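Have a look at the structure below before the remarks.
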Amino acid sequence: MGKSVSVALFSFLVSLLPSVKAQTIDLKPVWESDTTLRTPECVLVEPGKKVIYVACINGGPALENKGSFIAKVGQDGKVIKLKFTENLNSTKGMGILGDKLYVTEMTQVAEIALATGKILNRYPIEGAKFLNDIAVDTKKGVIYITDSNDSKVWALTGGKTSLVLGGDPLKGTNGLFVENDQLLIGNGDGSLLSMDIATKKLNTIAKVSGGIDGIVALGNKKYIVTEWGGKIWYIKADGTTELKMDSTKEKINTADIGYDSTTQMLFVPTFFHNTVKAYSLK
């Protein structure tokens with residue numbers, strides 16, 4: 001190969017580097033909360049506010065502990081009100097619809113006033129075993145809920161519950177996220193599924209090494225998902241995956257994440273580590 005050809009080829013390869021880098025992300029640590037957030041399972045960003053809500057199980061995740069609470073925390077990591085809502089039962093996933101906050105308990109969904117933290121209603125789901133995550137279709141007013149132990153997806157609409165999906169290929173369903181007309185479902189086998197809300201047709205977007213807990217969308221068909229054991233994955237638009245963080249050896253969990261697209265901040269509840277960690281994606 002001639003020298004001029006070699007130089008040209010090298011220059012071409014170098015020119016590709018920025019575009020390759022642009023296809024990935026970096027997680028830069030920003031802060032870690034104090035340890036008053038006991039067994040934090042889920043972080044939810046309130047749109048348009050510099051506030052996050054943290055669902056704290058405050059005990060074993062599968063126990064009827066009655067001592068769970070939701071904390072209100074600033075996006076700087078400082079606790080605004082530790083027990084914004086208390087007297088909850090093994091809280092996990094959360095979602096906001098209008099002026100209300102919804103959170104799963106073991107077999108029911110609690111409805112909470114965002115303005116006050118007061119519990120307004122509870123909606124039992126018949127036959128529920130282990131309700132887990134929540135995702136909200138704000139346009140249609142539908143709240144979706146997973147039952148991880150029963151491998152089902154439920155809907156809560158106008159105070160009434162209905163079964164959306166069950167059976168194969170659902171297994172150990174956990175994370176949920178609504179994106180346009182699709183409901184993203186984190187499966188226990190590591191598959192990130194996409195369900196067409198109108199037809200209920202399922203497609204597989206990607207697959208990681210273990211069950212998917214948290215799901216956030218970055219836009220342009222790119223996602224971040226977590227495995228509860230301590231892994232954070234970046235999913236590219238073509239479905240390929242990158243492991244961005246692995247804290248399994250340190251036994252630091254990565255549960256149901258929250259994301260603020262305006263600040264590009266990712267909030268990670270560490271469960272048994274009793275903190276929330278914030279990372280910048282900028």
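Residue under question is ASN187, and the condition is that it be surrounded by 13 or more Cβ atoms within 10 Å (Cβ to Cβ), of a type outside the set (A, V, I, L, M) and touching a strand residue (DSSP E or B) at 6+ places or on another chain (Cβ under 9 Å); does it hold?
yes
In the set GLY48, GLY74, which member is under 30 Å from LYS221 (Cα atoms) and modelled with pLDDT under 95?
Answer to the check: GLY48.
Of all residues in the range 99-139, which are in contact (Cβ under 8 Å) with a residue 40 or more places away in the chain and either farther than 17 Å from ILE57 by Cβ or among the basic types (Lys, Arg) (or both)?
LEU114, GLY117, ALA135, VAL136, ASP137, THR138
Examine the range 47-69 for a residue that is closer than 22 Å to ILE232 by Cβ and polar (S, T, N, Q), and state whether such a residue exists.
no
Quick check: is even one residue across the range 113-130 surrounded by 13 or more Cβ atoms within 10 Å (Cβ to Cβ), under 21 Å from the mean Cα position of the chain (by Cα) and part of a strand (DSSP E or B)?
no
Considering only the range 203-282, give the strands (runs of 3 or more DSSP E) lying wholly within it that have at least 2 residues that are out of contact with any Cys (no Cβ under 9 Å at 6 or more places or on another chain) and more than 22 Å from TYR53 (Cα to Cα).
Hits in the range 203-282: 231-235, 241-246.
Restricting the search to the range 51-74, which residues are touching a strand residue (DSSP E or B) at 6+ places or on another chain (Cβ under 6 Å), over 16 Å from TYR102 (Cα atoms) and of a type outside the set (Val, Ile, Thr)?
ASN58, GLY74
What residue, of LEU183, LEU176, LEU165, is touching a residue at least 60 places away in the same chain (Cβ under 8 Å) and either over 17 Å from GLU105 (Cα atoms) or aliphatic (A, V, I, L, M) (or both)?
Answer to the check: LEU176.
Looking only at the range 231-251, how many residues end up being of a type outside the set (S, T, N, Q) and either closer than 19 Å to LEU193 by Cβ or crowded, with 22+ Cβ neighbours inside 10 Å (or both)?
9
The values are calculated or read from the model by the stated rules, or taken from the named source; none is laboratory data. Computed from a predicted model, the values in this text were never measured in an experiment. Using ideal geometry, Cβ is built from the backbone for each residue, glycine included, and neighbour counts are taken over all protein chains shown.
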